[in-house]
Amino acid sequence: MSDRLFQREAPAADLLISGARLHDASCGLDGAQLDVLITGGRIAEIGESLSDGSAEVIDGSGLAMLPGLVDPHVHLRTPGDEDEEDIASGTRAAAAGGFVAILAMPNTRPVVDSAPVLGGLIERAREQAAVPTGFFAAITAGQEGRTLVEMGELAARGAAGFSDDGRPVESAGLLRRALQYSRITGLKLTLHEEDLTLGAGGQMHEGAVAAELGLQGHPSIAESVMVARDLLIARHEASPLHLCHISAAESVAEIRRAKELGVEVTAEVSPHHLCLTDEAVRSLDPNTCKMNPPLRSAEDRAALIEALADGTLDSIATDHAPHRAQEKEVPFEAAPNGVIGLETAFPAVYTNLVVPGLVPLPVIVERMSAGPARAFGLDPPALRVGDVANLALWNLDDSWRVEPPYASRSRNAWCQGHTLQGRCTLTVAGGSVAHRLVEVAL
Amino acid sequence: MELYPPKTPSQRRHLISVTDLARPDVERLLDTAEGFESVMERDVKKVPTLRGRTVMNVFFESSTRTSSSFELAAKRLSADTMSLKASGSSVDKGESLKDTILTLSAYGPDVIVIRHAQAGAPELVTRYTDAHVVNAGDGKHQHPTQSLLDLYTIRRALGHVDGLHVAIVGDILHSRVARSNIQALTLMGARVTLVGPPPLIPRGIEAMGVDVSHDIGAISAADVVYVLRMQRERMLEGANYVPNLREYAALWGVTSDRVRPSQLVMHPGPMNRGVEIAPEVADGVNSKVVDQVRSGLVVRMAVLYDLLTEPSPAGGEAALRVVAAPAGQEVA
């Protein structure tokens with residue numbers, strides 16, 4: 001898909017998947033029941049009644065085939081916190097969720113801010129990554145917001161882009177310089193938007209629920225004022241920009257206006273923000289409902305869904321953020337931010353947005369696959385003859401309860417205990433089989 | 001594998017939040033407390049009701065009134081009590097709340113009373129113990145026994161709570177007492193007005209069914225003026241909730257010229273005399289501050305009694321029951 005994605009060596013798939021319903025609007029496929037022949041890791045043929053003597057035959061009848069999903073925002077906690085997640089477990093979780101490419105954030109220990117650290121990660125990905133994996137480098141050394149990283153060298157070493165995610169770039173002047181300098185790389189900056197003078201210490205969305213629960217509020221303006229500022233800077237510099245995990249209606253309005261003005265901005269939204277509101281925080285369970293940005297109001301959720309449908313938000317990103325169990329087995333206020341969601345992203349969005357008729361399936365597929373791929377210059381996965389096979393088979397009728405064990409090393413799943421519809425039975429990523437659902441007969 | 005998996009939500013009755021209570025529950029608890037008044041007037045202030053039961057008071061945050069009254073309440077009911085303060089315990093060595101609770105629960109307590117600086121701590125405790133859990137204050141979230149004792153104090157003074165107008169004055173933002181009391185007072189039919197500086201009134205609080213005013217004059221219409229403590233540690237220079245305590249006292253201090261003789265004045269303590277409440281008001285005839293402390297004892301006796309006496313077979317463990325006031329048994 002790109003020379004900025006890295007995957008372990010694995011046998012190229014030779015599969016004949018028969019009778020699945022194919023969904024890929026980019027190829028004019030809207031549920032047509034066809035056979036797909038994968039030979040040597042590439043889609044060799046799509047048609048009716050295909051046969052091949054050597055390929056393994058997989059019965060796809062009753063299943064849906066979708067282009068593989070792309071997640072532009074995950075935390076693999078490597079290097080430094082491999083007990084929370086490592087490249088092997090994180091990419092297994094991605095494969096189990098139907099993802100064929102993920103981009104990992106650099107807020108690790110140490111921060112990915114130099115070519116040697118990045119190089120070490122790339123080597124590990126070449127040994128362990130079940131799905132093609134890319135790595136963002138930091139924007140500033142140590143993500144401290146003071147000194148630009150060596151963007152030229154990092155780009156040459158294979159960085160997928162630049163981000164200080166987990167923290168905002170507080171200085172407007174520094175962000176401007178970063179946008180200017182990054183032009184030499186052709187890579188994008190992806191920004192965590194938060195004014196810390198408004199947001200620091202916030203435990204949940206500032207609103208009626210926070211007022212009742214007595215938790216310090218994180219106001220929507222903590223995000224939207226920074227979004228507005230950075231879109232003005234990007235417009236002034238005529239620089240492309242990607243915005244992480246948008247959560248507030250006011251931010252959506254700023255992005256919509258900027259797009260109308262011709263700013264080359266792309267933006268992502270997380271499944272948990274599309275599916276839940278701050279009402280969920282009443283459980284006070286830090287595993288399922290404590291993250292930054294926080295779950296916001298019903299009005300914000302409605303604005304996010306509308307923006308996803310109309311393309312103002314062009315990507316869905318999990319912000320998969322593993323934490324060790326003991327860090328989350330504490331009172332709500334003491335717990336760190338972050339939830340995991342790679343294994344459940346598509347089923348959660350399918351269950352909460354597609355099944356109720358809020359957003360049609362082809363739009364969700366676009367926002368979880370081609371949308372984020374285009375935002376970062378990756379080849380969009382497609383069900384197209386000649387392409388490397390990047391696809392997944394889904395049983396869209398299968399309802400299952402989300403509970404451990406997970407492929408991820410961590411268990412802070414935001415939809416733990418939810419019953420979701422849609423389960424990935426097979427993922428082919430970068431031309432290799434990355435995941436098969438094992439049904440245990442009892 | 002998990003050695004100590006969280007329990008599925010316990011079927012035991014806990015008192016974590018005022019929202020755990022329905023109006024008949026509150027009335028039953030206040031009636032039970034009333035029944036304990038006679039015990040307070042005896043020479044031997046003790047009944048054998050909870051003999052053999054164990055009440056653990058686990059306080060991770062400083063407290064005078066709440067911890068002493070829970071301890072005394074348990075003793076008056078003949079329960080064994082044990083108090084753990086965070087300082088001097090294994091908490092100082094970095095022990096987690098989960099491990100502290102697993103450890104204490106190994107001794108088989110019947111009730112764990114917990115105070116903690118962080119919201120959500122009592123919910124966590126319920127996942128790792130078989131004891132009934134009573135929230136003695138968690139972060140800025142809830143302080144349900146304070147609300148019960150305040151309702152009790154008002155009912156004793158005025159005969160009823162229904163239909164009263166209560167003004168809660170001061171730092172609503174950082175006050176668990178304010179949140180619990182808003183819920184408790186509105187549950188019992190009172191009308192609540194919040195009065196304070198705009199930065200100390202949380203956005204969206206109107207959804208709890210209250211009116212908001214930034215003018216201290218708004219307290220004049222109330223039957224009860226409930227004064228909250230200005231938390232000095234939150235009013236450090238640079239916090240900018242208010243410019244300083246001097247201006248706060250001038251604009252929102254409850255002074256004698258701002259209260260009428262017919263109004264009750266209450267304060268959960270500890271008071272900052274001369275800041276949120278003038279000394280002559282704190283010590284005046286309207287003041288119910290000492291009554292509140294006394295109410296705390298009988299109300300906490302009622303809570304412990306209610307949680308630990310047998311549930312009715314029909315209602316099951318989860319149902320709250322109607323109990324008669326305890327008979328006047330004396331310790332032999």
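The values are calculated or read from the model by the stated rules, or taken from the named source; none is laboratory data. Remember, predicted model here, so these are calculated numbers, not experimental data. Neighbour counts run over all protein chains shown; Cβ positions are idealised from the backbone, glycine included.
Residues in region A:397-442 that are in contact with a Leu (Cβ under 8 Å, 6 or more places away or on another chain) and on the phi > 0 side of the Ramachandran plot: A:Gly422, A:Gly430. Somewhere in region A:246-263, is a residue within 14 Å of chain B (Cβ to nearest Cβ), touching a Pro at 6+ places or on another chain (Cβ under 6 Å), part of a loop (DSSP other than H, G, I, E, B) and crowded, with 19+ Cβ neighbours inside 10 Å? No, there is no match, as no residue in region A:246-263 is within 14 Å of chain B (Cβ to nearest Cβ), touching a Pro at 6+ places or on another chain (Cβ under 6 Å), part of a loop (DSSP other than H, G, I, E, B) and crowded, with 19+ Cβ neighbours inside 10 Å. Just one residue in the set B:Ser180, B:Ser90 is under 21 Å from B:Arg294 (Cα atoms), out of contact with any Cys (no Cβ under 7 Å at 6 or more places or on another chain) and of a type in the set (Ser, Thr, Tyr); that residue is B:Ser180. Each residue in region A:164-203 was checked for being outside any helix (DSSP H, G or I), of a type in the set (D, E, K, R) and touching a His at 6+ places or on another chain (Cβ under 9 Å), and 6 of them qualify. The sole residue among A:Glu194, A:Glu170, A:Glu212 that is within 14 Å of chain B (Cβ to nearest Cβ) and acidic (Asp, Glu) is A:Glu212. Considering A:Arg401, A:Arg436, the condition of being among the charged types (D, E, K, R), under 16 Å from A:Ala348 (Cβ atoms) and in contact with a strand residue (DSSP E or B) (Cβ under 7 Å, 6 or more places away or on another chain) is satisfied by A:Arg401 alone. Look at B:Val133 and say whether it is away from chain A (no Cβ under 14 Å) and outside any helix (DSSP H, G or I). It is false that B:Val133 is away from chain A (no Cβ under 14 Å) and outside any helix (DSSP H, G or I).
Only one residue in A:Gly90, A:Gly68, A:Gly98, A:Gly80 is on the phi > 0 side of the Ramachandran plot, crowded, with 24+ Cβ neighbours inside 10 Å and in contact (Cβ under 8 Å) with a residue 24 or more places away in the chain. Which one? After ruling out the rest, the residue left standing is A:Gly98. Taken as a whole, the condition of being within 11 Å of another protein chain (Cβ to nearest Cβ), among the hydroxyl-bearing types (Ser, Thr, Tyr), under 25 Å from B:Tyr241 (Cβ atoms) and touching a helix residue (DSSP H, G or I) at 6+ places or on another chain (Cβ under 6 Å) does not apply to B:Ser147.
Of all residues in region B:96-122, those satisfying the criterion of being exposed (fewer than 15 other Cβ atoms within 10 Å of the Cβ) and free of Cβ contacts under 8 Å to residues at least 24 places away in the same chain are B:Thr103, B:Ala106.
Given (1) in a loop (DSSP other than H, G, I, E, B); (2) modelled with pLDDT of 95 or more, where does A:Leu50 come up short, assuming only one miss? Every condition holds for A:Leu50 apart from (2). When A:Ile139 is tested against the conditions (1) within 21 Å of A:Asp230 (Cα to Cα); (2) of a type in the set (Val, Ile, Thr); (3) surrounded by fewer than 23 Cβ atoms within 10 Å (Cβ to Cβ), the lone failure is (3). Taking the criterion of being in a helix (DSSP H, G or I) and either more than 14 Å from chain A (Cβ to nearest Cβ) or touching a Ser or Thr at 6+ places or on another chain (Cβ under 6 Å) (or both), the residues of region B:208-240 that qualify are B:Ile216, B:Gly217, B:Ala218, B:Ile219, B:Ser220, B:Ala221, B:Arg232, B:Glu233.
Where helices (runs of 4 or more DSSP H) fall entirely within region A:277-361, those with at least 2 residues that are acidic (Asp, Glu) and either assigned by TED's automatic domain parsing to the domain that holds A:Ser251 or in contact with a strand residue (DSSP E or B) (Cβ under 7 Å, 6 or more places away or on another chain) (or both) are at A:298-310. If I filter region B:176-197 for residues that are of a type in the set (Lys, Arg) and within 13 Å of another protein chain (Cβ to nearest Cβ), do I get at least one hit? So far as region B:176-197 goes, yes, one or more of its residues are of a type in the set (Lys, Arg) and within 13 Å of another protein chain (Cβ to nearest Cβ).
Consider A:Ala321 against the criteria (1) modelled with pLDDT of 95 or more; (2) small (Gly, Ala, Ser); (3) over 15 Å from the mean Cα position of the chain (by Cα): it satisfies all of them except one. Which criterion is unmet? Condition not satisfied by A:Ala321: (3). Note on region A:295-325: residues that are under 25 Å from A:Thr78 (Cα atoms), within 14 Å of chain B (Cβ to nearest Cβ) and of a type outside the set (A, V, I, L, M, F, W, C) total 1.
Against the list (1) within 21 Å of B:Ala33 (Cβ to Cβ); (2) within 14 Å of chain A (Cβ to nearest Cβ), the condition B:Leu173 fails is (1). Tally time: how many residues in region B:198-207 are more than 9 Å from chain A (Cβ to nearest Cβ) and charged (D, E, K, R)? Here the count works out to 0. Filtering region B:39-95 to residues that are surrounded by fewer than 18 Cβ atoms within 10 Å (Cβ to Cβ), of a type in the set (A, V, I, L, M) and under 17 Å from B:Leu149 (Cβ atoms) leaves B:Met40, B:Leu72.
Any chance you could count how many residues in region A:22-36 are assigned to a strand (DSSP E or B) and either surrounded by fewer than 20 Cβ atoms within 10 Å (Cβ to Cβ) or touching an Asp or Glu at 6+ places or on another chain (Cβ under 9 Å) (or both)? Total satisfying the criteria: 10. Within region A:124-150, the residues that satisfy the criterion of being free of Cβ contacts under 8 Å to residues at least 60 places away in the same chain and acidic (Asp, Glu) are A:Glu144, A:Glu150. Of the residues that sit in region A:403-440 and are polar (S, T, N, Q) and part of a strand (DSSP E or B), which one is farthest from A:Cys275 (Cα to Cα)? Result: A:Ser432. Only residues that are within 12 Å of another protein chain (Cβ to nearest Cβ) and farther than 21 Å from B:Ser63 by Cα were counted in region B:97-121, giving 3.
Only residues that are in contact (Cβ under 8 Å) with a residue 24 or more places away in the chain and assigned to a helix (DSSP H, G or I) were counted in region B:149-203, giving 24. Scanning region A:215-230 for residues being more than 10 Å from chain B (Cβ to nearest Cβ) and surrounded by fewer than 23 Cβ atoms within 10 Å (Cβ to Cβ) gives a total of 4.
Of the residues making up region B:153-195, just one is on the phi > 0 side of the Ramachandran plot and buried (at least 21 other Cβ atoms within 10 Å of the Cβ), namely B:Gly170.
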